[in-house]
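Structure record follows, encoded as structure tokens.
All of the numbers you see were taken from the coordinates with simple rules; none came from a lab. All of these numbers come straight from a predicted model, not from anything done at the bench. As a convention, Cβ positions derive from the backbone with ideal geometry for all residues, glycine included, and neighbour counts pool all protein chains shown.
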Ligand SMILES: Cc1cc2nc3c(=O)[nH]c(=O)nc-3n(C[C@H](O)[C@H](O)[C@H](O)COP(=O)(O)OP(=O)(O)OC[C@H]3O[C@@H](n4cnc5c(N)ncnc54)[C@H](O)[C@@H]3O)c2cc1C
């Protein structure tokens with residue numbers, strides 16, 4: 001199995017390394033440039049840890065103007081740039097390369113304004129996702145998209161990947177909750193897109209930037225929507241004898257027009273891993289578990305739950321367990337949200353992220369099991385079932401190169417299966433380097449050419465995060 | 001007479017565009033022609049989607065539909081209604097206000113990003129658009145997105161095509177998300193509030209855990225033109241709740257109790273609610289058969305009434321508010337006052353104003369869309385060129401005057 005490639009470092013840039021570092025030191029305040037090789041190590045990868053590259057330097061600007069100055073410089077001298085938030089990308093989106101300057105937003109982590117009358121928060125890009133909800137929680141609001149990594153990941157990274165989370169079934173993903181952004185283009189131009197209004201004039205450039213994987217510009221500020229917290233919320237556990245039954249139940253609940261806030265799926269291996277870690281009270285004698293969260297008034301939750309229980313009954317549900325207290329509810333979510341971390345404690349894993357039409361869930365779950373068995377590996381499934389966004393975690397041993405290669409190959413087969421079932425390669429983690437070379441399985445050449453032309457409208461020299469998203473061969477000459 | 005092309009297939013459309021590209025002619029894309037906006041500028045042929053019709057796939061259980069761009073909206077909605085589903089973003093029908101005829105098409109709905117009162121909870125048209133097939137300015141057939149809700153595979157071209165007003169490409173097929181029709185709906189009416197009080201009341205309502213799915217303020221000047229005149233005397237601030245009957249009842253109690261501290265409270269049943277919000281959506285009070293200039297202005301919710309108050313001091317205007325005050329339907333008495341309006345939009349924190357109606361010579365002399373900041377206009381022009389390098393597709397969104 002071939003390793004995923006990066007672009008060859010530009011010799012002209014490597015040769016000028018010392019000068020570039022000296023110039024950047026001049027452009028930035030003291031303490032805002034990392035360039036000693038030893039200190040660069042923390043930036044060599046993200047959460048897609050199988051790949052590592054040391055960057056040329058890491059700029060940690062404190063203002064939009066400094067971001068603009070660094071970009072302008074890099075654009076002038078043809079130096080690649082890799083934007084970085086918290087580095088929790090699961091697809092290698094934030095992994096640097098030898099000739100690249102990383103621009104990290106970690107020092108821009110202030111909440112600039114909370115405006116309850118308009119229900120917006122304006123924040124710097126380095127603010128963590130959870131910080132926003134925490135800042136407004138006491139006043140009865142929250143920021144809806146909730147990636148499991150929300151304690152660490154930044155709003156800039158969320159915009160980069162158009163991240164989702166468990167509660168996005170009802171509230172939508174990042175793009176549906178983003179009203180405005182301050183974007184610095186590669187030539188240092190600062191543009192304001194959108195604002196506090198619910199829609200903006202002109203072309204929806206913000207819609208392109210969200211999910212642009214750091215290839216269109218660097219976001220330094222964002223205005224996001226706040227939502228009033230529901231009166232109450234109740235996660236309920238539904239245990240089934242087979243994954244197929246659970247998958248079919250999900251399709252029927254949605255098909256019946258019931259849209260809970262969240263429907264999360266775990267299979268037996270995932271249940272065992274999460275229960276051992278979080279002691280969430282998950283039933284252990286089932287093969288598959290759904291966490292369904294309903295919210296609203298007591299009356300509303302009761303009515304919705306009754307309908308869901310009825311549907312689950314038709315699919316042979318074995319256990320229905322309602323959380324009896326806020327503590328129990330929190331534990332249920334703690335178990336789910338620590339699934340990746342808990343898995344990481346028992347084995348190395350790679351996490352797939354394909355989305356499939358709901359009706360295809362049982363088929364794709366079966367296919368996934370077959371593929372993984374064929375490669376002699378193990379898999380744990382834990383994912384956002386309500387919108388068909390699957391996360392098979394393929395377990396392997398990273399110290400064994402052959403095992404790692406098998407895991408990668410199995411992952412690729414699973415993603416092809418998702419696309420062939422009418423779905424897509426990635427629902428929320430992004431293409432990064434991980435799925436880059438599979439893009440042609442989902443898109444025809446002409447489709448990719450159109451995307452690359454749009455990308456070039458923002459960055460004609462392909463300096464921004466250049467090794468990502470688009471297959472390396474077949475790119476237009478910069 | 002402007003030549004009108006009506007290809008009957010995506011292939012034929014692509015060939016036509018290729019030929020137009022060779023002969024360097026211009027094309028103005030037209031859906032149902034209900035907007036009156038896209039009267040083709042000089043020298044452009046009209047490229048109509050009317051021959052591209054039909055629902056290609058509809059899977060109620062997966063809540064997605066795929067339809068060709070020229071499919072009449074009513075055909076789409078009839079199929080959805082049969083399954084108790086709907087387009088959650090409530091596309092408006094402006095034929096009454098614009099005094100236009102024609103049949104709205106599903107492609108036109110997405111090309112204009114038409115979105116109604118449910119914007120807060122259901123997003124805009126662009127949020128429902130999952131995938132698109134389109135013919136770019138080179139005559140290539142391209143697909144973007146797909147048919148699943150969550151998809152971050154590559155650039156989200158569907159987003160930029162939504163609301164592009166025919167400036168980038170000819171959309172030939174759209175795949176979109178649909179939602180179940182709520183079991184019931186009720187409207188809480190708070191009477192006699194002035195604009196500023198109404199904005200405060202609506203902000204309070206939206207801060208409660210009752211999931212308001214529509215918040216509009218209908219000043220006294222227009223109140224009588226809604227819901228057959230049954231709204232109580234004085235201005236009406238209207239708040240919609242939707243969902244399961246049991247839950248709506250509980251939420252309505254809670255909301256009414258809180259709103260009582262702002263003014264007298266009344267309720268509208270499900271039928272009147274449906275009628276009222278259709279009228280709010282469609283700018284019904286301005287379906288007045290006149291060519292008096294009509295604007296659709298989007299600003300921050302708390303800024304809408306400030307904008308109108310400022311304008312009132314200088315010119316004759318009438319207005320009502322949707323989106324908690326952030327969407328202003330504005331009718332000028334005489335002149336469109338574009339410069340004045342746009343100056344105030346900037347002054348109250350920014351937003352955008354679109355001129356929907358005026359006498360033809362006034363329309364021709366006025367920027368339809370909000371001019372963009374130079375850097376954004378330049379970037380938009382580059383994005384346009386990436387879809388349409390020769391500038392084949394003409395559209396008032398980015399072709400006229402600005403961006404050049
Ligand atoms: C344990 C775990 C659980 C996770 N759970 C979820 C989940 O539930 N849902 C989900 O969607 N994701 C999840 N992720 C993936 C990851 O957390 C998200 O992709 C997250 O949004 C990345 O944020 P970050 O700040 O770490 O960005 P980074 O990883 O640093 O960067 C992500 C991408 O955005 C770009 N970028 C970063 N900042 C900016 C900026 N300011 N301007 C422009 N581009 C920028 C980068 O170049 C890169 O391409 C999980 C990851 C882990 C490790």
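Data overview
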read-out	value
Considering only the protein assembly as shown, percent of DSSP beta bridges that pair antiparallel, nearest 5	90
Ratio Rg/Rh [Cα only; Rh per Kirkwood] for region B:128-247	1.16
On Cα atoms only, tilt of A:326-337 relative to the major axis of chain A in degrees	60
Gaussian network model of chain B, springs between alpha carbon atoms under 10 Å - residue of B:270, B:12, B:111 with greatest fluctuation	B:12
Where a label projected 7 Å from the Cα of residue A:334 along Cα→Cβ would reach, residues of region A:233-249 with amide N under 16 Å	A:235
Net length gained if the chain between residue B:253 and residue B:382 were fully extended (0.36 nm per residue, minus Cα distance)	41.2 nm
FRET E, pair residue A:256, residue A:138, Förster distance 41 Å, beta-carbon r, rounded to 0.05	0.65
Reciprocal mean inverse distance between Cα atoms of region B:290-370 - Kirkwood radius, Å	12.3
Region A:302-406: C-alpha gyration tensor shape, a/c 1.5 cut-off, then a/b vs b/c	oblate
Alpha-carbon centroid distance for the pair region B:290-307 / region A:46-84, whole angstrom	42
Separation in nanometres of the label points that stand 7 Å from Cα toward Cβ, at residue B:57 and residue A:285	4.2
Label point 7 Å beyond Cα of residue A:27 along Cβ direction - residues of region A:38-72 with amide nitrogen under 11 Å	A:59-61, A:66-72
Fewest-first ranking of B:115, A:243, using other Cβ atoms within 10 Å as the exposure measure	A:243, B:115
Nearest-ten-degree value, helix B:245-259 long axis tilted from longest Cα axis of chain B	60
Estimated FRET transfer efficiency (residue A:347, residue A:402; beta-carbon r; R0 22 Å; 0.05)	0.90
Degrees between helix A:64-77 axis and first principal axis of chain A (Cα, 0 to 90, nearest 10)	60
Anisotropy class of region B:1-121 from Cα gyration tensor, a/c 1.5 cut	oblate
Residues in region B:238-260 reached by a label modelled at residue A:298 [backbone nitrogen below 20 Å; 7 Å Cα→Cβ]	B:244-258
Projected area, mean over directions - chain A, Cα convex hull, nm²	22.1
Between region B:160-238 and region B:79-107, the alpha-carbon center distance in angstrom	16
For region A:199-224 versus region A:258-275, the gap between their alpha-carbon centres in whole angstrom	32
Hull volume in cubic angstrom per residue (convex hull over the Cα atoms of chain B)	137
Cα gyration tensor shape of region A:347-420, rounded if a/c is under 1.5, else prolate or oblate by comparing a/b with b/c	prolate
More than 39 angstrom apart: percent of Cα pairs within the protein assembly as shown	39
R0 of 56 Å, Cβ-Cβ distance residue B:362-residue A:115: FRET efficiency to nearest 0.05	0.95
Projected label distance in nm at residue B:23 and residue B:266, using a 7 Å step from Cα toward the beta-carbon	6.0
Inter-label distance, nm, simple model (7 Å from Cα along the C-beta direction), residue B:75/residue A:420	3.4
Per-residue [θ]222 nm for chain A (sum of -39500 (n - 2.57) over DSSP H runs n ≥ 4, rounded to 500)	-10500 deg cm²/dmol
